[in-house]
Amino acid sequence: MLDADTKRRIDTCRDILVGKVPDKSQVRQITIALIYKFMDDMDAEAEELGGDRTFFAGNYAKYGWAKLMAPNMGGFDVLALYSEAIGKMNENPGIQRCSATSSRTYLPYRDPETLRSFLKKSTVSPTIIRSGWAMPSNTCFRCSAARAMLASSAPRHIIGFMVEIIDRKKNESVLDPACGLRRAS
């Protein structure tokens, strides 16, 4: 289950992006930021344990979270670095390919203060993330986080329309490929 602090952070991130990024893109931008921070946290943990960085290593070391959030970085410097970093994720040999790291990944706005606020709020505790965000054996946190992000992006009139069109009867089942088989009660 998603804890209140993480839900609040996700809601705040969405609030920051309202008016600057469409609803669908908000979810994508939050996901990218969470993945970005998580990779950096994994690199830091590997170093603490005597290992090497995987994600932000070599030519990609300059994109590490600590460099991105350094106090001496100006707003436009952060904007340029983050934009370049997410744009080059698909070229980084240490990052597995997924939709969040595709060549279509980009920053859809150019306001440095929005980005700075967004990145500060998207920083989720590494302990919370390790407890399930990226672990394949525990999808609870990921599903809860996704639900929290999507909850406000599905307009009630669309949901109502879909329920009306489907017109499910009490003894009928509906397959929702995203959530599984649901039976009417």
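Here are a few things to note about the model shown:
- Just one of the numbered conditions (1) more than 17 Å from LEU119 (Cβ to Cβ); (2) of a type outside the set (D, E, K, R); (3) within 21 Å of the chain's Cα centre (by Cα); (4) exposed (fewer than 12 other Cβ atoms within 10 Å of the Cβ) is not true of LEU49: (3).
- Residue in region 73-82 that is on the phi > 0 side of the Ramachandran plot and either at pLDDT 95 or above or not hydroxyl-bearing (Ser, Thr, Tyr) (or both) present: no
- Scanning region 8-22 for residues that are under 16 Å from the mean Cα position of the chain (by Cα) and within 19 Å of ILE32 (Cβ to Cβ) gives ARG9, ILE10, ASP11, THR12, CYS13, ARG14, ASP15, ILE16, LEU17, VAL18, VAL21, PRO22.
- Residue in region 5-12 that is assigned to a helix (DSSP H, G or I), touching a Phe, Trp or Tyr at 6+ places or on another chain (Cβ under 7 Å) and of a type outside the set (Lys, Arg) present: no
- Whether a residue is among the hydrophobic types (A, V, I, L, M, F, W, C) and either modelled with pLDDT under 90 or at positive phi (or both) was assessed, and LEU49 does not pass this test.
- For region 142-157, the criterion of a residue being over 19 Å from the mean Cα position of the chain (by Cα), over 22 Å from ARG53 (Cβ atoms) and either assigned to a helix (DSSP H, G or I) or modelled with pLDDT of 85 or more (or both) is satisfied by at least one position.
The values are calculated or read from the model by the stated rules, or taken from the named source; none is laboratory data. Note that the structure is a prediction, hence the values are computed from the model and not measured. Glycine also receives a Cβ, built like all others from the backbone with ideal geometry; neighbour counts cover every protein chain displayed.
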